[in-house]
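The values are calculated or read from the model by the stated rules, or taken from the named source; none is laboratory data. Computed from a prediction, not measured in an experiment: that's the story for all the values here. When we count neighbours, we look across all protein chains shown, and the Cβ atoms used for this are built from the backbone with ideal geometry, even at glycine. Calculation scope for accessible area: heavy atoms of the full protein, side chains included, ligands and nucleic acids excluded. Shrake-Rupley method; radii C 1.70, N 1.55, O 1.52, S 1.80 Å.
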Amino acid sequence: MFIMFVMFIMANPVSLASEPPHPETGTIVDMIPVRLSLKNFMSYGEEKTTLEFAGIHVASLSGDNGNGKSALLDAVTYALWGKTRASGSQASGEDDLVRLGAEDMEVEFEFRLGDDLYRTTRKRNRRTHTGDWQLHLQDITGAWQPAGGSAMSETGRHIARLLHMEYETFLNSAYIQQGRADEFTRQKPNDRKRILGDILDLSRYDRLEGLARERRSECDLALKDLEGEIRHLEARAGEAAGVRERLKAGEADVSEATEARDKSAQDHETLAAQMADLEEKDRRASEMEARLKGELVALADVEHRIKQFADKMARDANTLASGAAIRSDVERLKQNRLILEELEPAIARLSAAKQERAAFQARIDVSRQQMLRDLDRAEADCRLADERARQVSDLDRRITDISPKLAQIEKALTERETLHDDLERVQERFTEMAAASRGRKAEIAEMEEVIHLLGEPKPSCPVCESDLSGGRQQAVLQKQQDKLAAQKRALVEINHDGGAAKKQRDHLQIRMNALEVQARNEAALRAQRAELMETRERLTLENANRADLAAAFEAMRCRLEAGDFAKAEKQSLAALEDEMKRLAETEGRHATASLIARDLASLQVERKLLEVEQAEKAQGDDAFEMSRLKADHSLRAGRLTEERQLILVAHMEIERLPAIREAAHTASVRLRQATAARENAMAQVERLRQTLEDCAKVAEQSTKKRVEIHKLAKDKQAYAELAAAFSKRGVQAHIIDNALPEIEDEANHLLARLTDNAMQISLSTLRQARTGSSQIETLDISITDEAGTRPYEMYSGGEAFRVNFAIRIALSRLLARRAGARLQTLILDEGFGTQDAKGRERLIEAIEAVKDEFSLILVISHIEELKDAFPTRIEVTKTSAGSQITYVD
């Protein structure tokens, strides 16, 4: 059974125990935070923000809700485990941790393990959806050396091995989240055992129990399958005698089929030889026919070339007849081209002169347009100067109107300073009354619940089953009712004082709001007057050259009317006009010569002259080629006649080929049929022989299957025993029973410090039923003090708070110890819900009592009274650039 248990755990790796405390020394080491740096993480901005833990023992981390207090702890868990409080939400991913508007973020966390200093850095890019996770160790020189893996998953596993603590263990031990400090103690007794199992992560044994039950079911199904297989195998083993008889008959069929196949093969071979001889003759005849077709094509080509040469010789004769006229036209073309070459320089100069004339005229026009634009700008400057003078006059009037208003507002500012001090004193009084009222109401609600339970007519306590007979029930009930009446009277007085403070505060606030409006007007008026005076000074300086602008405008207008611009361009244009008149006659002669040359060129006289010269050279060669082609035509015609006679003889010999082919095909079909019949007979014989071998193997398999049935039956019984061992009544109950003494010892150790040894707790998992001798599974908390032993439910206020605190710390230390670490860092994130003034005093008292047992205690709160209660105060504020961290002395 023990071997089966070990094999099952190895096959289904669910963690049942923590790893060794330290991979090198084997000792437990503490994780102590040293430094945390953030960039674009959640509410923190682009500029890197750093929180130094070194030198801090007990500190408060304060700030308004939403400023980024809890985000600092999210940064620590993200750097170590890649998880935050929102990691379990489907609507939230890693990209949501990047500050809104930023592209990437970075978290850097330094922590100490024993004498070693580690630094883990985690990055994320929202645009590429990629990240990076690195771990470094500081060496003796102060340099950082890589200590993690190359991949992010390897780095995460390495950090988990170093810390001996997963993210969930950290949340349930070192990190006490908002409103969860008394989550365990305030549950009903019959629910506490279940919750303790969840805290100890006993669900792993539920999974092992389920796996064992599944394996038992699998064994059951496999047993049924094996029994069916055995019945089938034994039936097949009994078929061997009939198979031997069929095998003997099949071997006789193989011998007969072999003789038939051999005869068919001999007939097919004879006919195939005759068919091959005739097919060879048919192939040679086809080759001769192909050559005949080629000769016919070659003969037709020769005839076509003879016709082409005859046509060319006729065209050349016509070309030679027009040779004299073509030579005369070519001579005229050359003479006109010479005339064009002589006149080309003068024509080029005339074209350039036309372009120069257009350029000079364009520059003259541009100069006139520029003067018009300058004149328009000067006129606009004059109008602008007049407008500035009018604006200066208007500004003087507006500045004079503001001064009386400012004098009236200064009186209101003096009154506002006096009202501000009065309002602060009244507001502080109202806040104290509101906090006291909430605390009284909470205590009244707890007392009313206890009175309701004690008022039921039963001889025993309905909560803890303790005996209340003999007048004890009435005495306890009367004592609680007296306390309740006193609390209600105190509540009425507090509410009366709070109402008066609220009325006075509201009256002062109304007057303060009115004065604030006037104060805002005073700042606006001063800013307006300063702006008006600045504008007047600027306009006065800008208008200093008003007279000069008017004089410049008048001078420019006179130059434009007189045409006083572009004088050099106008002189050059007149000289160019005279030159163009002298070149006008040359342009006519050039046009006439160009027209004659273009007409002759369009008749292509030069190409025609070349054709005449080529025809003269080719007369002798063309006559020789025509004679050669006619001789070739006669030779090819004789060869065609001989080829036709040979093809006719070949066709007479191959007329027998179709009949021989048909006979060979029939012989081939008979041969294939005989071969197939023989192969079928041989295959049947082989199948029968294989069947005999299978029958022998089946008998052997049947024996082996029966051995497997015996083994499966033993495995089924073992898995049933494993399922019972992993159940809630098995190993889970044993683990809880072993954990309770540890919790009691740790809690009583802390209670002794918190109460000067005045209180102790005891935990029990069984309770005697009211009727009969049976026992009920539960998890009762009993408290012993100077008044005796009573159940936890009978306590409220400070006593219940101390018990909650002690048990919560005890659970945290238990989880840390089972993970292979010691709890030296304690983080309280509003850990005990909404507390009144007394509750906050108890929290401070409890932390002071246990602070020597921790290296670092960090209390995260937005409550004003807790900010200055500890030696170190860290303030978190939120600005437009992101959350900021400030150390307050």
For this session: Under 9 Å from the Cβ of D104, count the other residues' Cβ atoms, weight Lys and Arg +1, Asp and Glu -1, and hand me the total.
Result: +3
Exercise. Check V58: other-chain or 5+ apart residues with amide H under 5 Å from its amide H, H built from backbone geometry?
Worked result: I857, T872
Exercise. When Lys and Arg each count +1 and Asp and Glu each count -1, what net charge do the other residues less than 14 Å away from E522, Cβ to Cβ, add up to?
Worked result: +2
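Treat every Asp and Glu Cβ in segment 587-716 as -1 and every Lys and Arg Cβ as +1, leave all other atoms uncharged, and give the resulting dipole magnitude about the Cα centre to the nearest 20 debye. Don't skip to the answer; put the middle values down first.
Values: 24 positive and 22 negative charges, 364 e Å.
In total the dipole reaches around 1740 debye.
Once the piece of chain linking E227 and N513 is laid out straight, how much longer is it, given 0.36 nm per residue of separation minus the C-alpha distance between them? Write down the numbers at each step before the final one.
Details: separation 286, 0.36 × 286 = 102.96 nm, distance 9.31 nm.
This chain segment gains 93.7 nm when fully extended.
Only bridges with both residues in the chain count here: give the DSSP antiparallel percent, nearest 5.
Numbers: 54 of 71 bridges.
The answer is about 75 percent antiparallel.
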For this session: Note the angle between two axes, namely the Cα long axis of helix 240-321 and the longest principal axis of the Cα atoms of the chain, as a number of degrees from 0 to 90, rounded to the nearest 10.
Result: 50
Exercise. Straight-line reach from K851: which aspartates and glutamates have a Cα under 17 Å away, not including same-chain ones fewer than 8 places off?
Worked result: D30, E746, D756, D829, E841, D868
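How much length is gained if the chain between R368 and R349 is pulled fully straight, taking 0.36 nm per residue apart and subtracting their Cα-Cα distance, in nm to one decimal? Spell out each step's value before the answer.
Values: separation 19, 0.36 × 19 = 6.84 nm, distance 2.89 nm.
Stretched out fully, the R368 to R349 stretch lengthens by 3.9 nm.
How large is the translational diffusion coefficient of segment 615-753 in µm² per second when you combine the Kirkwood radius over alpha carbon pairs with Stokes-Einstein at 37 °C and 0.692 mPa s?
Values: Rh = 28.9 Å.
Taking Rh from Cα pairs, D becomes 114 µm²/s.
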Exercise. Among 63-76, 123-136, what's the highest-first ranking by average C-beta atoms within 10 angstrom per residue?
Worked result: 63-76, 123-136
Exercise. Which is farthest toward the positive dipole end of segment 183-321 among M275, G242, S203, measuring Cα position about the Cα centre, with Cβ charges +1 (Lys, Arg) and -1 (Asp, Glu)?
Worked result: S203
For this session: Quote the convex hull volume per residue of segment 840-889, based on C-alpha atoms, as a whole number of Å³.
Result: 86
Seminar exercise, completed: Sorted by chain and number, the residues with a modelled amide H under 5 Å from that of L779, at a separation of 5 or more or across chains, are N190, R192, K193
For this session: State to the nearest 20 debye the size of the charge dipole of segment 473-596 about its Cα centre, where the only charges are +1 on K and R beta carbons and -1 on D and E beta carbons.
Result: 1540
Problem set entry | Chain lengthening between E587 and K411 when straightened (0.36 nm per residue, less Cα-Cα) | 53.5 nm
Exercise. What is the P(r) of the chain, as percent of Cα-Cα pairs per 10 Å bin from 0?
Worked result: 2, 6, 9, 9, 9, 7, 6, 6, 7, 8, 9, 9, 7, 4, 1, 0, 0
Exercise. For segment 49-123, what D do you get in µm² per second when you plug the Kirkwood radius from alpha-carbon pairs into Stokes-Einstein at 4 °C and 1.567 mPa s?
Worked result: 91
Exercise. How much FRET efficiency would the formula 1/(1 + (r/R0)^6) give for I776 and K878, where r is the Cβ-Cβ distance and R0 is 56 Å, rounded to 0.05?
Worked result: 0.60
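Say the cut-off is 26 Å between C-alpha atoms; which of K83/K728; K188/K728; K224/K697; K334/K354; K405/K502 go over it?
Exceeds cut-off: K83/K728; K334/K354; K405/K502.
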Seminar exercise, completed: For H862 the rounded accessible area (nearest 10 Å², probe 1.4 Å, non-protein molecules ignored) is 80
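Local charge sum around A615 (other residues, Cβ-Cβ under 12 Å, Lys/Arg +1, Asp/Glu -1)? Let's see the in-between values first.
On the way: positive: K312, R315, K608, K617; negative: D316, E611, E613, E616, D621, D622.
Counting the neighbours of A615, the net charge comes to -2.
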Exercise. Using a probe of 1.4 angstrom, how much of the accessible area of the chain is carbon and sulfur, in percent?
Worked result: 52
Exercise. In degrees from 0 to 90, rounded to the nearest 10, what is the angle of the helix 605-653 Cα long axis to the longest principal axis of the chain?
Worked result: 80
For this session: Select from S727, L766, A713 the residue farthest towards the positive end of the dipole of segment 696-807; place +1 on Cβ of Lys and Arg, -1 on Cβ of Asp and Glu, and compute about the Cα centre.
Result: A713
Problem set entry | Solvent exposure of segment 577-649 as accessible area per residue, Å², 1.4 Å probe | 70
Problem set entry | Anchor K503: aspartates and glutamates whose Cα lies under 17 Å away (excluding residues fewer than 8 positions away in-chain) | D421, D422, E424, E428, E432, E493
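Over all distinct alpha-carbon pairs, what is the Kirkwood Rh of segment 579-670 in angstrom?
Details: mean 1/r = 0.0451 Å⁻¹.
Final number for the Kirkwood radius of segment 579-670 is 22.2 Å.
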Exercise. What value, in deg cm²/dmol to 500, does the helix sum -39500 (n - 2.57) over DSSP H runs of n ≥ 4 give at 222 nm once divided by the residues of the chain?
Worked result: -25000 deg cm²/dmol
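Would you mind working out the accessible area per residue for segment 316-372, using a 1.4 Å probe, and quoting it in Å²? Kindly include the intermediate steps, with their values, before the conclusion.
Values: 3670 Å² over 57 residues.
Heavy-atom accessible area per residue stands at 64 Å².
Can you divide the C-alpha Rg of segment 474-609 by 2.2 N^0.38 Å and report the result to two decimal places? Could the numbers behind the result be given before it?
Details: Rg = 52.4 Å, N = 136, 2.2 N^0.38 = 14.2 Å.
Its radius of gyration relative to the 2.2 N^0.38 Å reference: 3.68.
Just how large is the dipole of the chain about the Cα centre, in debye to the nearest 20, putting +1 at every Lys and Arg Cβ and -1 at every Asp and Glu Cβ?
That gives the chain a dipole magnitude of about 1140 debye.
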For this session: Calculate one ³J(HN,Hα) per residue across segment 364-375 by plugging θ = phi - 60° into the Karplus curve 6.51 cos²θ - 1.76 cosθ + 1.60, and present them in order as whole Hz with x for glycine and proline.
Result: 4, 5, 4, 4, 5, 5, 4, 5, 5, 5, 4, 5
Problem set entry | Residue among M626, H304, L610 farthest towards the positive dipole end of the chain, charges placed on Cβ | H304
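Averaged per residue, what accessible area in Å² does segment 386-435 show with a 1.4 Å probe, protein chains only? Mind dumping the intermediate values first?
Values: 3380 Å² over 50 residues.
In whole numbers, segment 386-435 has 68 Å² accessible per residue.
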